[in-house]
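Any read-out appearing in this document is the output of simple, stated calculations on the displayed coordinates, not a laboratory observation. Predicted model, so just to flag it, every value in this text is computed and none were measured. All Cβ positions, even for glycine, are placed from backbone atoms using ideal geometry, and neighbour counts span all protein chains on display.
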Amino acid sequence: MALAWSAGLLVEAVVIAVLTWAVVRLAVFLRQFYLLYKGAAQFPSLPKHWLWGTIPTLREMGRANFSRYLVEQTKKHGKAFVFWRGSLCPEVFVTHSETVGQILKTSEPKNQRFKAGYTLSKPWLGDGLLISNGKKWERNRKLLTPAFHFNVLQPYIKVYNDAVDNLLPKFHKASKTAESFEVFDPMALCTLDVMLRCAFSYEDNIQRKAGLHPYVRAVKRLANLISNRGLKPHMRIDWLYALTTDGKEFNQLCDYVHGFADKIIEARRSTLESVPDVARKRHLDFLDILLAARDEFGEGLSKEDIRAEVDTFLFEGHDTTASAASWALYALAKYPDVQEKVYREVHEILGDRESLEWPDIPKLKYTSLFIKEVMRMYSPVPGIGRELSKPLEIDGKEVPAGTVIIISLRTLNHNPEVWESPEEFRPERFSEDKFSSRDPYSFVPFSAGPRNCIGQTFALNEEKVIVSRIVNKFRIVLDKEHPIVMIPELIMRAEHGIKVKFFPRNQDK
């Protein structure tokens, strides 16, 4: 009897404890949501459904129209407005250099709340530099910085040229028919070739093989699946998403890209173990530094950390650069007077030479202005996310800790309060005499502050070589019948691809 009474008391105590825990957790959640809601409600909001937030507006318009709509909202609201990713998930979009600067000057972490972009990418990219936060990010950033030192970057100029040598014949073949040619896919192969050879000393002749490399296809599809999932609040539950057709495809593609990265890593491990001095006979690359990196306690990176960084740099190092270079070809075709200026500068530097050399890079003054204007106009990375670790005043309004901030680069780059005539293509706006007096946070294609892109110099040099070599070889003409519809996913893509026409320069003489 006493035993049964004791057991009853124990069960009662457990029930009370569980209920107390649940009530406390609910109270904490409700208080946090109230604070986030109150903070977000201070800003103008896009049309909002009581349950699904702003998502129905986006779906109704479609991504392309919604992207233009956000630019229009920026003209109305100036510095910040709210997007509701469901009724419980407010995101404050900052769209002015003043509000953008407030965020990027800090070391605020990447947003992990609400199962959006970064979090949804984690099964693919792991906890690498793009996503990681805090001490882990600080340690890995410090360990990997030497991979992008000036002396490491200099030998890569030869790889850029070699990769372009494999790209140009595709454009030459297209020029024989004078038909328009889709450039993003071959450009993605070229930039992946560069990344594999520069960062991992891995050669597979991927540009010479028939068809699109499965890694490029996988990345394109993964970005699409992540963007679609972010617009379905009920799909933020991992086990539920895993049961869907999209979820199964996503996991299969993650397995493929992980296997591709593991293949590269294991090939290098085997080489270094069997031929320890091989690294001394070539340039020190990103993967060498990953494998050899040690912190102040003598600790290296784990296998998971190494693969996460390889996955991150394979994606970021080829896809964003392919986007920027493809939009650059489109801009050359769309603005022939600008193209002529770029061509004259490049031709004057190269003369009878085919390839660019390291001392040529700083001479590409106007080409550099052109590439910056391309990144302003077409924003290869549409946005950056952060999560406030402490309250912050934005546009005169106090926003609580936990608020997700979206730095909307596309809207920043088209904000008339930041840029004069933002819809006009003007490379000269980046000339030193004009740009030096501007707010440094008015143009941040590689982010800025403590979490700026570690590989931005690598990417810019690569873009300069690709654009220069192509424009020196071909006159690029717009296909006026092909619609260009910008689609912001993880990077800025064109819904139907980017098509232009190529005409050999020797036919113009």
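For segment 363-509, state what percent of all Cα-Cα pairs lands in each successive 5 Å bin, counting from 0 Å until the bin that includes the largest distance.
Taking all Cα pairs of segment 363-509, the binned fractions are 2, 8, 13, 18, 20, 16, 11, 6, 3, 2, 1, 1, 0 percent.
Give, as a single signed number, the net charge of other residues whose beta carbon lies under 13 Å from the beta carbon of Phe81, with Lys and Arg counted +1 and Asp and Glu -1.
It works out to a net charge of +2.
Taking Cα atoms, how many degrees apart are the long axis of helix 365-378 and the longest axis of the chain, rounded to 10 and kept between 0 and 90?
The angle comes out at about 40 degrees.
I need to check one value: relative contact order of segment 41-507, counting alpha carbon pairs closer than 8 Å and at least 6 residues apart, in percent.
26
Show me the GluC sites (Glu not before Pro) within segment 378-484 that DSSP assigns to loop and that have at most 11 other Cβ atoms within 10 Å of their Cβ.
Glu420, Glu423, Glu424, Glu481
Could you tell me which residue out of Ala494, Phe425, Val471 lies farthest along the dipole of segment 411-509 toward its positive end? Charges go on the beta carbon: Lys and Arg +1, Asp and Glu -1, centred on the Cα centre.
The listed residue farthest towards the positive side: Val471.
Can you give the FRET efficiency to the nearest 0.05 for Arg505 and Lys232, using r as the Cβ-Cβ distance and R₀ = 56 Å?
With R0 = 56 Å, the Cβ-Cβ based efficiency is 0.70.
Trypsin sites (Lys or Arg not before Pro) within segment 172-205: which are DSSP loop residues with at most 15 other Cβ atoms inside 10 Å?
When the trypsin sites (Lys or Arg not before Pro) of segment 172-205 are filtered for loop state and at most 15 Cβ neighbours within 10 Å, Lys176 remain.
For a quick check: with amide H placed at 1.01 Å from N, whose amide H comes under 5 Å from Ile394's, ignoring anything fewer than 5 positions away on the same chain?
It is Val399, by chain and number.
Are there trypsin sites (Lys or Arg not before Pro) in segment 206-246 that DSSP puts in a loop and that have at most 14 other Cβ atoms within 10 Å, and which ones?
Answer in residue order: Arg208, Lys209.
Starting at the first residue of segment 202-219, write each ³J(HN,Hα) from the Karplus equation 6.51 cos²θ - 1.76 cosθ + 1.60 with θ = phi - 60°, in whole Hz, x for Gly and Pro.
Per-residue couplings from phi come out as 10, 10, 9, 6, 5, 6, 8, 7, 5, x, 8, 4, x, 5, 5, 4, 5, 5 Hz.
Would you pull out the residues with amide H under 5 Å of Ala494's amide H, same chain only if 5 or more places away, H placed 1.01 Å from N?
Amide H to amide H, under 5 Å and 5 or more residues apart or across chains, Ala494 pairs with Ile487.
Could you line up Cys190, Cys89, Cys198 from fewest to most neighbouring Cβ atoms inside 10 Å?
Cys89, Cys198, Cys190
For the chain, take the longest principal axis of its alpha carbons; what is the angle in degrees between that and the long axis of helix 184-200, to the nearest 10 within 0 to 90?
Around 80 degrees separate the two axes.
Report the one residue of Tyr441, Gly78, Ile265 whose Cα lies farthest in the direction of the positive end of the charge dipole of the chain (charges on C-beta: Lys and Arg +1, Asp and Glu -1; origin at the Cα centre).
It is Gly78.
Place a +1 charge on the Cβ of each Lys and Arg in the chain and a -1 charge on the Cβ of each Asp and Glu, then give the dipole magnitude about the Cα centre in debye, rounded to the nearest 20.
640
Taking the Cβ-Cβ separation of Asp337 and Lys434 as r and a Förster radius of 25 Å, what is the calculated FRET efficiency to the nearest 0.05?
0.85
Which ³J(HN,Hα) values, rounded to whole Hz and listed in residue order, are derived for segment 148-153 from phi using the Karplus coefficients 6.51, -1.76 and 1.60 in 6.51 cos²θ - 1.76 cosθ + 1.60 with θ = phi - 60°, glycine and proline given as x?
Along segment 148-153, the couplings run 10, 5, 3, 5, 6, 6 Hz.
State, to one decimal in nm, how far the label point of Ala27 lies from the label point of Lys176, with both points 7 Å from Cα in the Cβ direction.
Here the modelled spin labels are 7.8 nm apart.
Grab the beta carbon distance between Asn166 and Leu212, set R0 = 22 Å, and tell me the FRET efficiency rounded to 0.05.
Using R0 = 22 Å, I get an efficiency of 0.95.
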